[in-house]
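Accompanying notes for the structure given below.
The values are calculated or read from the model by the stated rules, or taken from the named source; none is laboratory data. All figures in this text were calculated on a predicted structure; none of them were measured in a lab. For neighbour counting, all protein chains shown are included, and Cβ atoms are generated from backbone atoms with ideal geometry for every residue, glycine included.
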Amino acid sequence: MRNIDLIKRDLKYNWHPFTQMKDCLSFPPVPLEKAKGVKLFDYNGKFYYDTISSWWCNVHGHSHPFIKKAIKRQLETLEHTLFAGFTHLPAITLSEKLMEVIPGGLNKIFYSDNGSTSVEVALKMSLQYWKNKGKRKRNKFVSLDMGYHGDTVGAMSVSGRGPYNSAFERLLFDTLQIPTPYCYRCPSGMDKDKCSFECLMAAATIFENHHEEISAVIIEPILLGAGGMLVYPVKFLRGISALASKYGCHLILDEVATGFGRTGRMFAAEHAGIVPDIMCLSKGITSGYLPIGLTVTKQEIYDGFYAEFDEKKTFYHGHTYTANPLACAAGAASLDLFKKEDSLFRAKMINKKLNCFLNGLKDAPYAGDVRSVGVVGAIEIVEDKKRKKPFDPSRRIGMEVYTEGLRKNLVLRPLGNVIYFFLPLSVKENELDDIFERSLSVFKKVFK
Ligand SMILES: Cc1ncc(COP(=O)(O)O)c(C=O)c1O
């Protein structure tokens, strides 16, 4: 099969996500035939390093025999069923295995099928909890002004406002937005080494003024992904957690991107030693083999819904593919692999090499800022380093990096002016060396 024929057939019917389809005339989608480990292969046999783990979800590498075997085994007995009125061993097993790794105190799991829905569930759970408790006034959410929590209406509402959601403005509900601790471009104009966490003070003021109306605060712990791979200080996260606890509001941690080893710990919350009231999980659970979403909460919140039927406290939410047995089997296998392959230890090796590469870029004229945590590393590129002036969006510098990356066997998919790596935990040392060498040659070509 030829790439070119497949592209024609694809573009006849398919409408791709986050894509201006007219761009496909010049930058058509790459038809992939297969994948193995950290490499994707097209129909011409060309390989591409999957440096962003296929949108941040591939943890243990593609085509891992252990996960494939678990899915195939499950396929022999039960591929799908409804999860209301029925249950199955794959969901029971996955929940039990999760309990071994999830922060203590979280012990009730509500299944769904993707990251955005895990967030929708968290918001609705928090809101209805307060209603069930007779505290209807608690109906607002606090969120970061550059956060990203997904593309459904609730998830967009608690995300930062920008090009991703401006077309849907009229659908979105207002939130109490706090400034993002974007240290390179500090919202309070402070210097990273000298700041007094002014952004946290702004958050404190919002909590102080509105605490009686706040249902929950939602935040991506340690790393804001789609907001620009912004790694922020643990102290900020601890501060937000302390404010939520002081004023009795729920703390929702969106670990959809950060969960399952990506920040070097199983969950990013562990860096701050905090336990949220609600945690959202998806992406890495199945290592990217099948879709699933989880909203994990505490007994106290669960108990807020536990009542006689006619008390009208039931949580009316659900999705057809909730707790799909194949996905649950993949998730359980993926968790086993963390132990078998000592994946969190591997994350340390990756982090070391990643930092070494990023530090080497610090003096490059185009590298405004470099930042990293765990297996995630980012370079914020600028046109004028001294003034921190970004490239004009019309230049579409990210697109140049992307296309040059493909030529050099790399999937680099910048977020605006931020080039990043979101590596699988299974990537090998020699592969990393090759990825970084190829990346350097991409940067040299684009920023010559
Ligand atoms: C932190 C975070 N939350 C939620 C989502 C939405 O997940 P999904 O794309 O599976 O709906 C994403 C996706 O990138 C994310 O990074």
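Suppose the filter is within 16 Å of the ligand (Cβ to nearest atom), in the same structural domain as CYS280 (by TED's automatic domain parsing), outside any loop (DSSP other than H, G, I, E, B) and surrounded by fewer than 14 Cβ atoms within 10 Å (Cβ to Cβ); does PHE168 pass it? Judged against the criteria, PHE168 is a match.
Residues checked against (1) part of a helix (DSSP H, G or I); (2) within 27 Å of PHE260 (Cβ to Cβ); (3) in the same structural domain as PRO414 (by TED's automatic domain parsing); (4) at pLDDT below 95:
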{"site": "GLY154", "(1), (2), (3), (4)": "yes, yes, no, no"}
{"site": "GLN177", "(1), (2), (3), (4)": "no, no, no, no"}
{"site": "ASP193", "(1), (2), (3), (4)": "no, no, no, yes"}
{"site": "THR205", "(1), (2), (3), (4)": "yes, no, no, no"}
{"site": "PRO221", "(1), (2), (3), (4)": "no, yes, no, no"}
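So is PHE421 touching a residue at least 24 places away in the same chain (Cβ under 8 Å) and assigned to a strand (DSSP E or B) or not? For PHE421, the condition - touching a residue at least 24 places away in the same chain (Cβ under 8 Å) and assigned to a strand (DSSP E or B) - is met. Annotation note: Cβ proximity below 8 Å between a residue of segment 212-227 that is farther than 16 Å from ASP151 by Cβ and a residue that is within 10 Å of the ligand (Cβ to nearest atom) and among the β-branched types (Val, Ile, Thr) (sequence gap 6+ or interchain) occurs for PRO221/THR258; ILE222/THR258; LEU223/THR258. If you go through segment 1-49 one residue at a time, how many are farther than 27 Å from VAL427 by Cα and among the aliphatic types (A, V, I, L, M)? Number of matching residues: 7.
Set side by side, the residues GLY264, GLY239 differ, and just one is outside any helix (DSSP H, G or I), away from the ligand (no atom under 11 Å from the Cβ) and surrounded by fewer than 24 Cβ atoms within 10 Å (Cβ to Cβ), which is GLY264.
Scanning segment 297-306 finds no residues that are more than 17 Å from the chain's Cα centre (by Cα), closer than 25 Å to PHE173 by Cα and within 16 Å of the ligand (Cβ to nearest atom).
Only residues that are touching a helix residue (DSSP H, G or I) at 6+ places or on another chain (Cβ under 8 Å) and closer than 25 Å to PRO276 by Cβ were counted in segment 287-320, giving 17. Taking first residues from segment 244-261 that are part of a helix (DSSP H, G or I) and partners that are surrounded by fewer than 24 Cβ atoms within 10 Å (Cβ to Cβ), the Cβ contacts under 6 Å between residues at least 6 apart in sequence or on separate chains come to TYR247/PHE207; TYR247/HIS211. Report yes if GLY104 is within 18 Å of PHE305 (Cβ to Cβ) and of a type outside the set (Val, Ile, Thr), otherwise no. No.
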